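Input: a single structure, listed below in structure tokens.
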Protein chains: 2
Amino acid sequence: MSRYAIGLDFGTNSVRALVVDVRTGEEVGTRVAPYGSGSAGVLLDARDPHLARQNPQDYLDGIEASVRGALEEAGSRDGFDARDVIGIGVDTTGSTPMPVDAGGRPLAFDPRFRDELNAQVWLWKDHTGYAEAAEITRKASELRGEYLAKCGGTYSSEWFWSKILHCLRVDPEVGEAAYTWVEIADWIPAVLSGTDDPAELRRSICAAGHKAMYAEAWGGYPDEEFLAALDERLVAIRRTLPDRAYNVSEPAGALTEEWAGRLGLRAGIPVAVGAFDAHLGAVGSGVSPGTLVKIIGTSTCDLMIAPMDRDLEDIPGLCGIVPESVLPRQYGLEAGQSAVGDIFNWFVGMLGSAERGHEELTAAAERLVPGESGLLALDWHNGNRTILVDQRLTGLVVGLTLATPPPEIYRALVEATAFGARIIMERYEAYGVKVNRIVNCGGISAKNPFIMQVYADVMGRPIQISRSPQTCALGAAVTGAVVAGPEWGGPSSFEEAMESMTGVQDTVFEPIPGNRAVYDRLFTLYRRLHDAFGVAGSRDDLADVMKTLLDIRDEARR
Amino acid sequence: MSRYAIGLDFGTNSVRALVVDVRTGEEVGTRVAPYGSGSAGVLLDARDPHLARQNPQDYLDGIEASVRGALEEAGSRDGFDARDVIGIGVDTTGSTPMPVDAGGRPLAFDPRFRDELNAQVWLWKDHTGYAEAAEITRKASELRGEYLAKCGGTYSSEWFWSKILHCLRVDPEVGEAAYTWVEIADWIPAVLSGTDDPAELRRSICAAGHKAMYAEAWGGYPDEEFLAALDERLVAIRRTLPDRAYNVSEPAGALTEEWAGRLGLRAGIPVAVGAFDAHLGAVGSGVSPGTLVKIIGTSTCDLMIAPMDRDLEDIPGLCGIVPESVLPRQYGLEAGQSAVGDIFNWFVGMLGSAERGHEELTAAAERLVPGESGLLALDWHNGNRTILVDQRLTGLVVGLTLATPPPEIYRALVEATAFGARIIMERYEAYGVKVNRIVNCGGISAKNPFIMQVYADVMGRPIQISRSPQTCALGAAVTGAVVAGPEWGGPSSFEEAMESMTGVQDTVFEPIPGNRAVYDRLFTLYRRLHDAFGVAGSRDDLADVMKTLLDIRDEARR
């Protein structure tokens, strides 16, 4: 008899539910439920390009719509029974926190704050707290160097404390009405398992460790003295936070009768502790030590794991090194690019023509050879997450001529993201984390072989593609299966679950030596622009950049 | 009784004829005749983006169509009589030379070479000779420093000897079949006045001085020893060139019976020696010492004159300082930007949407305030003519974000061309040529007040606009009137002719102090990118460029 686990994957614009056979990895049902509010689920403010919020009600509506839809699809199969679903796992974007009251209820549900943007969920890509991020970095480097060392040396405006501090500063009414702040990765499992009291809520070590300066080494979340040095009001928030955070091998609780009824599932099945989408994407891609998993979507996460029984140096510029943030007994290492698919979408949107969408531009860009456009771009349209950790960087295109057509720019943008990916890989390796294998996952990986070939050529490594087209949801389902465990007919370990539930496609993208050689030359130029525009105090004479590009172009056109 | 002069203005895509009343400046008839060959009159080669040629037959067809059309329009007025046309002036693009045989006949008319691109006219913007230009610069700096000093220190790929040398190198058959090479500024007046023998042809000092290293100081064109050091075959070409070149106060000859018949004019009226469009555009804009005339079209020319009775330093990076290239007894000083309107056209073409043409983008860009886009561009999409004299530079845009819309880029491109214009103005002034007045002319000047305001704000000077919408053709007509002179009922001097035939519009664009202040900050950044990407050996730490742009943006949006 088959057993199933459900993965719930909360993305930027929608939530996906995936029903997976825990013994075969077969994905028997899935449904995506778009969020109803704002612009594709994101609440924006025309006056502030840094702002991005979400309505928490969208998540609740989305759970019901996506799970019921996925079960409906699964139900069309002979022998499927929703009562054979044995566990639920949850992944979300992050750091995506929201303010809640003492009963764990979102302030956004309070009629006083319903229309207040600051009381909503602060989406990962909200950068309104950039000044506070700089302040936290400064203060930590003065007072608590160790806090920074594990998050790459710079605290980001995308993260937990930057957002809370910014809210306190710009909107004391909301900021002071918040009893505590909760990542949605923690809130969703709490909702499904009926945990109202914030003190009872099991916070994810993935969210806490990567985004909130949590580490067992210094007793959990940052200490009160440090937080008080930033803002006295943070001390009260600190006191609402637990001493311990949990990894995804542990249950957040059991599905309530009420939610079981709404979803058509058995009550009491375990719900795993939540984690971020990328981390469970790595699980869904079959991550193991030496494997770099790149989750490529609007942005990327570049994840690796490394055994905790060996010493690991701090790696400057990484988003974080967090024990058990991906799997138990392994360090989780997170890097990432702030925008990838978003850059391609921006360009297509700017052209604004139905005849020049991704498909047409990809087809035309693919006909070009490396170097022939004479173009080079910096992929910083949404800042640089790794290795510069600087949201106040911007995109650049150099090499434009009167003859430059859109497909050349499209290709240059693709290449720029590949160069950015190579910078990250080289940073891992420079600090002793060897990359033996690359597995890409996420929509672009499955849909765009041209881009994957550019990545293979630029990175100089074979690129494998995760078998599942919805790796994050699959990884979440793996955690649902693992927390259910043999007691419910599930697997006895992550190893066993990943062995049976995950895999890669047969197609492997191998680097083409000729392309690789040109890209090595272009990467040298990329690196110089990267340092010249990204690293304060760097010294570089860039006068030959445009000319070398033209030399490469002329050779490529020969 | 009224007297008229005709100006013939040979542009990149068409020829315009203008019939002007020599006493009032009234423009009584005009007609534009597009060239029939290639892409909008330009012969291209898909394999080589540097190549741009023209078919000389297009010019001959164009003379007839444009003059007859202009006379037809003039003829609809009471009392107009084509027999009252007393002189013809000619301006053309340049350096735009072509190979001719010993009878002065274009090789392109020889059936052997009819389909050979190298036997056609080499249009000003043909950059195929960039390697030869570098070779000429190198050789001249070794052997004849004085040759370079008067053309800004670098010999351009757009110019006479680069093109001839490149032709000899890549196509010896055409190169060696050429008896000599003739600028079309010289060929058109020769055709109209029936001068077949190349030895009799009066070559323009404007073309010779600015583009062919001609100067009385060293006995005219470059000496044989120097040319032989480049290529022995140039010596034969040198021997076909005259000892003396002519300014536009002198006639090239008199209109032949045949052409008089074809055009409907009196035979025997004088045809002035030709000059380049920009130089006669300066005349048509009423140039005088201290006035900077900017002819703004697909590219720009930035012209000044300075009395020859005072010493004038060499000005590095200028296209040329040539005695009498604009007016008699004055140095003509030429600078320019390799692309201006062409950059805006490129961007509009890339968007490729009827709803986002120049008008729509201008309207949207005008609603932005300086600095609010966070963007900065380098206007080098077609290289940099002044002050870097380097065709192998390319365009750049920095500051792109996921929220950057097309009007912000359009405005950044406009601003980049204004910064480029300011660099030129400051170069003039740094070498003692004070700019007391700026007069803009050319299509963009008349049609786009938004762009003119940006120029006033960036340059920090009031901007006047030439009264005539076709200043180059008007300047050509002025030369036609002057060579006719009192004998034919025309003016007795350039001063008299310009006083009655030229003028500026009432509207003056004054710098807006607040805009000026922001643009001063942006110009500082522009200058740093300019030097970092354009000047070999420059040393600059650019790491703050993107951040300063964002600071300026945030202040602008406040």
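The values are calculated or read from the model by the stated rules, or taken from the named source; none is laboratory data. Remember, predicted model here, so these are calculated numbers, not experimental data. Don't worry about glycine lacking a Cβ; one is built from the backbone with ideal geometry, like all the others, and counts go over all protein chains shown. To get the accessible areas, we keep the full protein, side chains included, count just its heavy atoms, and leave off ligands, DNA and RNA. Shrake-Rupley method; radii C 1.70, N 1.55, O 1.52, S 1.80 Å.
Assorted remarks:
- Every Cα-Cα pair in the range A:68-142 was counted, and those over 21 Å apart are 59% of them.
- When the trypsin sites (Lys or Arg not before Pro) in the range B:401-453 are filtered for DSSP coil states and for at most 14 other beta-carbon atoms within 10 Å of their beta-carbon, the remaining sites are B:LYS434.
- Sequence-ordered 3J(HN,Hα) estimates for the range A:36-47 from the Karplus curve with 6.51, -1.76 and 1.60 and θ = phi - 60° stand at x, 8, x, 9, 6, x, 10, 8, 10, 9, 4, 7 Hz, glycine and proline given as x.
- Cut-off 14 Å between beta-carbons: net charge of the residues surrounding A:GLY69, Lys and Arg +1, Asp and Glu -1: -2
- Put simply, the C-alpha atoms of the range A:341-388 give a gyration tensor, and the ellipsoid matching it has half-axes of 22, 17, 8 Å, longest first.
- Taking every DSSP helix (H) stretch of at least 4 residues in the protein assembly as shown, weighting each as -39,500 (n - 2.57) and dividing the sum by the residue count yields a mean residue ellipticity at 222 nm of -12000 deg cm²/dmol.
- Basic side chains Lys and Arg get +1 at the Cβ, acidic Asp and Glu get -1 at the Cβ, and with that the dipole of the range B:1-90 about its Cα centre reaches some 120 debye.
- Of B:LEU393, B:PRO406, B:LEU378, farthest towards positive along the dipole that unit charges on Lys, Arg, Asp, Glu beta carbons give the range B:349-428: B:LEU393
- Highest average first, the peptides B:248-254, B:265-271 ordered by how many other beta carbon atoms sit within 10 Å of their residues are B:248-254, B:265-271.
- Separation of the range B:267-331 from the range A:421-449 is 59 Å, based on Cα centroids.
- 5 angstrom amide H check on B:VAL22, placed H, neighbours 5+ away: B:ARG3, B:TYR4, B:ALA5
- Percent of beta bridges antiparallel (DSSP, chain A, rounded to nearest 5): 70
- Peptide B:385-395 has a mean shielding of 4, counted as Cβ atoms of other protein chains within 10 Å of each residue's Cβ.
- Taking a ≥ b ≥ c as the square roots of the eigenvalues of the Cα gyration tensor, an a/c ratio of 1.5 or more together with a/b larger than b/c marks the range B:411-498 as prolate.
- Surrounding net charge for B:ASN55, when Lys and Arg each add one and Asp and Glu each subtract one, Cβ distance under 12 Å: -2
- Between amide H atoms placed 1.01 Å from N, distances below 5 Å from A:SER14 occur with A:TYR35, all of them 5 or more places distant or on a separate chain.
- A cut-off of 5 Å between modelled amide H atoms, ignoring neighbours fewer than 5 places along the same chain, links A:GLY29 with A:VAL19.
- Note on the range A:488-543 and the range B:69-137: Cα centroid distance 55 Å, given to the nearest whole angstrom.
- Leading residue at positive end of dipole, chain A (Cβ point charges), from A:GLY284, A:LEU542, A:LEU107: A:LEU542
- In the protein assembly as shown, the ratio of gyration radius to Kirkwood radius, Rg to Rh, stands at 1.08 when only Cα atoms are counted.
- Assigned charges on the beta-carbon of Lys, Arg, Asp, Glu; the range B:439-523 dipole about Cα centre (debye): 420
- Environment charge at A:CYS151 (Cβ cut-off 10 Å; Lys +1, Arg +1, Asp -1, Glu -1): 0
- Evaluated over the range B:484-558, the Cα radius of gyration and Dmax, each in Å: 23.6, 67
- For the range B:160-298, the solvent-accessible area works out to 30 Å² per residue, with a probe of 1.4 Å and every protein chain left in place.
- When peptides A:48-57, B:15-24, A:535-544 are ranked by their average number of other Cβ atoms within 10 Å per residue, the highest-first order is B:15-24, A:48-57, A:535-544.
- Top positive-direction residue, dipole computed over the range A:46-96 with Cβ charges, set A:GLY87, A:ALA52, A:ILE63: A:ALA52
- Take every Cα pair under 8 Å whose residues are at least 6 apart in sequence, average their separation, divide by the length of chain A, and the relative contact order is 16 percent.
- Computed over protein heavy atoms with a 1.4 Å probe, the carbon and sulfur contribution to the accessible area of the protein assembly as shown reaches 47%.
- Solvent-accessible area buried by A and B, counting both chains, probe 1.4 angstrom, square angstrom: 4300
- Rg/Rh, computed from the Cα trace of the range A:87-230 with Rh as the Kirkwood radius, has the value 0.95.
- Here's the picture: a label point sits 7 Å out from the Cα of A:ALA199 along the beta-carbon direction, and within the range A:66-102 the residues with their amide nitrogen under 20 Å of it are A:100-102.
- Distance violations [Cα-Cα > 29 Å] among A:LYS434/B:LYS547; A:LYS163/A:LYS434; B:LYS150/B:LYS434; A:LYS547/B:LYS434; A:LYS211/A:LYS294: A:LYS434/B:LYS547; A:LYS163/A:LYS434; A:LYS547/B:LYS434
- Partner shielding of B:542-554 amounts to 5, given as the average count of beta-carbon atoms from other chains within 10 Å of each residue beta-carbon.
- Normalised convex hull volume, chain A, alpha-carbon set, Å³ per residue: 146
- Total charge dipole magnitude, the range B:226-368, about the Cα centre, Cβ charges on Lys, Arg, Asp, Glu only, Debye to nearest 20: 300
- Mean separation of Cα contacts under 8 Å (6+ apart) over length of the range B:188-299, as relative contact order %: 29
- Inter-chain shielding of B:528-535 (mean C-beta neighbours from other protein chains, 10 Å cut-off): 3
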